[in-house]
Amino acid sequence: MTEVLQANIFFFITTVAVVVFTVFSCVAMYMVIRILRSVRRITERIDEGSENIAEDIKQLRTYIAQGSLISRIVGMFIKSKRSRSKQKDVDQDN
C-alpha cells in the first residue's frame, strides 16, 4: 500500500470516528438538558411547597399565640369527658 492510500484510509476512519463521537455527544447533551429541565421543574415545585408549608406554620404560630389552639384541644378533652359522664348517667338511669 502506498503512503497516500494509508493516509486516505486513516483520514476516512478518523472522519467516521469524529462523526460518530459528535452524534453521541449531541445525544448525551440532549439527555443532560432534559434532565436539567426536569430538575428545574422539581425544584420549582419544592419551592412552592416550602412556601405553602411556611405559610401554614405562620398561621399555626398565630393560632397558638392567640390561644385558640390550646383552648380547642382542652375543649375537645373536656367535651369528651362530659359526653362520657352523660352516657354513664343515662346508662345508670336505664
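The values are calculated or read from the model by the stated rules, or taken from the named source; none is laboratory data. Quantities reported herein were computed from a predicted structural model and do not represent experimental measurements. Counting neighbours? That spans all protein chains shown, and the Cβs are built from the backbone with ideal geometry, glycine included.
Looking at V23, V74, V4, just one residue is part of a helix (DSSP H, G or I) and exposed (fewer than 10 other Cβ atoms within 10 Å of the Cβ), and that residue is V4. Checked against (1) at pLDDT 95 or above; (2) surrounded by fewer than 10 Cβ atoms within 10 Å (Cβ to Cβ); (3) among the charged types (D, E, K, R), D93 passes all but condition (1).
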